[in-house]
Amino acid sequence: MDDPIQRHPTRAEQLDIITSVIAETTRPGAAVLDIGCGTGYFEHLLAEKRDDLAVTGVDMNEASLAAAAERFDGRGDYQWVKGDLRAPGEISLPRADYRVAVTCLTFHDLADVEKQAVMSWITGHLARDGMFVLMDRIRLTEPVLFGSQIALWNRLERVHGFTMRAADSFEAYEADMASNNRPARLVDYQTWFHEAGMVSQLLHLHGNIMVMAAARL
């Protein structure tokens, strides 16, 4: 299965990190919740490492859910749920004891208040000491350091032949922020996890793309 998201040179490594963490820290039959599952690419990668986990995928796109269901047809332990993260309280999940919840590159689509609501909602659906793994962009905030980010983007293009994003100046970067492109700062996520009753730890950071894990207390 090909990655449906192209032009993202850090994504393969970071998805491998996430699936490795889940594969090595979960017991057989553990429940995994994928928020923003799309057509099931993450499930495809996870199944290559652990084929004994019970997965619930949530997405707002019915066509994507149908494609995921077809791809994993016959897997009774895989369930697909339609849901809009802008209204997490309206999403009906089949259980409230997930060992792991994960989301990859979905949170920047949400307003900050929506991010916090989803984090609290996820906390309520995790087992005690359950883990939430978040992969997303973090917001760049320091104009004086923006040249280092440009250098990183240039390196990604030299190494991989492409880069996910580019801007000639901090002002251009800020101007490119659309209503559906609202990354939060790293410190914001640390604060929000704490407020949601979780402890958090940064697992991986490449430029402005992070993988952070949090555990329910």
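List every residue pair whose Cβ atoms lie under 8 Å apart, where the two residues are 6 or more positions apart in sequence or sit on different chains, the first residue falls within region 144-166 and is within 13 Å of N208 (Cβ to Cβ) and touching a residue at least 60 places away in the same chain (Cβ under 8 Å), and the second residue, located anywhere, is surrounded by 11 or more Cβ atoms within 10 Å (Cβ to Cβ) and β-branched (V, I, T).
Partner pairs satisfying both residue conditions: L156/T10; L156/T163; M164/T10; M164/I209.
Per-residue answers, yes or no, for (1) in contact with a strand residue (DSSP E or B) (Cβ under 6 Å, 6 or more places away or on another chain); (2) farther than 19 Å from L134 by Cα:
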residue	(1), (2)
G36	yes, no
G40	no, no
D59	no, no
D73	no, yes
Q79	yes, yes
A111	no, no
W121	no, no
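Each row is one residue, and each column tells you yes or no for (1) more than 15 Å from L105 (Cβ to Cβ); (2) exposed (fewer than 13 other Cβ atoms within 10 Å of the Cβ).
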| position | (1), (2) |
| --- | --- |
| Q14 | no, no |
| V21 | yes, no |
| E24 | yes, yes |
| P28 | yes, yes |
| I35 | no, no |
| T56 | yes, no |
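Restricting the search to region 35-87, which residues are over 25 Å from I17 (Cβ atoms) and basic (K, R)?
K82, R86
If you check every pair at least six apart or on different chains, which have Cβ atoms under 7 Å apart with a residue in region 26-52 that is among the hydroxyl-bearing types (S, T, Y) first and a residue that is in a loop (DSSP other than H, G, I, E, B) and crowded, with 19+ Cβ neighbours inside 10 Å second?
Cβ pairs passing all conditions: T26/L53.
Condition check ((1) surrounded by 20 or more Cβ atoms within 10 Å (Cβ to Cβ); (2) in contact with a Phe, Trp or Tyr (Cβ under 6 Å, 6 or more places away or on another chain); (3) not assigned by TED's automatic domain parsing to the domain that holds A101) across all residues:
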residue	(1), (2), (3)
Q6	no, no, yes
V32	yes, no, no
L46	yes, no, no
M60	no, no, no
D73	no, no, no
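Just checking: which of the strands (runs of 3 or more DSSP E) contained wholly in region 123-217 hold 3 or more residues that are surrounded by 19 or more Cβ atoms within 10 Å (Cβ to Cβ)?
The strands (runs of 3 or more DSSP E) meeting that bar are 126-137, 209-216.
If you go through region 161-171 one residue at a time, do you hit one that is more than 23 Å from L202 (Cβ to Cβ), within 22 Å of the chain's Cα centre (by Cα) and not polar (S, T, N, Q)?
yes
Report the residue count in region 133-155 for those that are out of contact with any Phe, Trp or Tyr (no Cβ under 9 Å at 6 or more places or on another chain), under 18 Å from R11 (Cβ atoms) and modelled with pLDDT under 95.
3
The values are calculated or read from the model by the stated rules, or taken from the named source; none is laboratory data. Quantities reported herein were computed from a predicted structural model and do not represent experimental measurements. We place every Cβ from the backbone using ideal geometry, glycine too, and count neighbours over all the protein chains shown.
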